[in-house]
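The values are calculated or read from the model by the stated rules, or taken from the named source; none is laboratory data. What you see is a predicted model, and the numbers here were worked out from it, not measured in a lab. Cβ placement follows ideal geometry from the backbone for every residue including glycine, while neighbour counts extend to all protein chains displayed. Ligands, DNA and RNA are excluded from the accessible area calculation, which covers all protein heavy atoms including side chains. Shrake-Rupley method; radii C 1.70, N 1.55, O 1.52, S 1.80 Å.
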Amino acid sequence: MTSGFHGVVAAGDRRGRLLGFPTANLAITAGEPPADGVYSCWVTLDGETAPRGGTVSIGANPTFDDVSDRRVEVHIHDFGGDLYGRSVAVEIVRLLRENTRLGGVGELTRKSAEDVRRSRAILSRLLVA
Ligand SMILES: Cc1cc2nc3c(=O)[nH]c(=O)nc-3n(C[C@H](O)[C@H](O)[C@H](O)COP(=O)(O)O)c2cc1C
């Protein structure tokens with residue numbers, strides 16, 4: 001399965017940084033994100049050619065009652081810069097799990113850490129294959 005889409009980084013609720021996993025909220029400009037879920041992915045930033053590894057969450061953030069719209073939020077591994085307004089291309093690699101309502105911020109942080117660990121392992125295996 002390959003699925004690709006493009007987006008521009010828009011403002012989110014700014015919770016991601018507090019959770020330890022800053023995410024870029026994407027306004028989709030081309031292509032179609034896959035069904036709700038958490039996926040490993042490659043992310044290419046505008047002006048760059050080499051893709052970076054990432055983990056993307058697609059869904060209405062069911063843990064938080066104040067989110068009603070479907071979000072596409074990508075955490076780019078080992079990236080600390082400001083992405084606001086940048087264009088990014090996302091290539092989906094693998095579904096990690098469903099996007100679910102979790103018990104709160106603590107569980108979300110633990111799950112996200114596990115997701116990112118699994119995502120890194122999957123992507124690094126592809127690089128040596
Ligand atoms: C790896 C990863 C996994 C996530 N999994 C879930 C999830 O299972 N349930 C959920 O409600 N939100 C999930 N999210 C989304 C978070 O709720 C969201 O990133 C956080 O609230 C920050 O949102 P903000 O950038 O709009 O502030 C996940 C985010 C990431 C990066």
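Given Gly106, Gly81, which one is more than 11 Å from the ligand (Cβ to nearest atom) and over 16 Å from Arg15 (Cβ atoms)? I'd like the intermediate steps shown before the answer.
Numbers: Gly106 fails: over 16 Å from Arg15 (Cβ atoms).
Answer to the check: Gly81.
What number of residues within segment 25-46 satisfy the criterion of being under 17 Å from Gly85 (Cα atoms) and out of contact with any Lys or Arg (no Cβ under 8 Å at 6 or more places or on another chain)?
Number satisfying all stated conditions: 5.
Look at segment 12-68 and say how many of its residues are out of contact with any His (no Cβ under 9 Å at 6 or more places or on another chain), surrounded by fewer than 17 Cβ atoms within 10 Å (Cβ to Cβ) and assigned to a strand (DSSP E or B).
1
For Val93, work out the one condition from (1) over 13 Å from Gly20 (Cα atoms); (2) out of contact with any Phe, Trp or Tyr (no Cβ under 8 Å at 6 or more places or on another chain); (3) open to solvent by 30 Å² or more (accessible area, probe 1.4 Å) it doesn't fulfil.
(2)
Can you go through Val90, Val56 and tell me which one is near the ligand (Cβ under 10 Å from one of its atoms), modelled with pLDDT of 95 or more and within 21 Å of Gly31 (Cβ to Cβ)?
Val56
Of everything in segment 32-75, what is over 25 Å from Ser124 (Cβ atoms) and in contact with a Phe, Trp or Tyr (Cβ under 8 Å, 6 or more places away or on another chain)? Give them in sequence order.
Glu32
Only one of these conditions is not met by Asp115: (1) within 13 Å of the ligand (Cβ to nearest atom); (2) open to solvent by 30 Å² or more (accessible area, probe 1.4 Å); (3) out of contact with any Asp or Glu (no Cβ under 6 Å at 6 or more places or on another chain); (4) not aromatic (Phe, Trp, Tyr). Which number is it?
In the conditions (1) within 13 Å of the ligand (Cβ to nearest atom); (2) open to solvent by 30 Å² or more (accessible area, probe 1.4 Å); (3) out of contact with any Asp or Glu (no Cβ under 6 Å at 6 or more places or on another chain); (4) not aromatic (Phe, Trp, Tyr), Asp115 misses (2) alone.
Out of Glu114, Glu91, I need the residue that is outside any helix (DSSP H, G or I) and of a type in the set (Asp, Glu). Which one?
Residue meeting the stated conditions: Glu91.
Where residues in segment 72-90 are open to solvent by 40 Å² or more (accessible area, probe 1.4 Å) and among the charged types (D, E, K, R), which of them is nearest to Thr55 (Cα to Cα)?
Asp78
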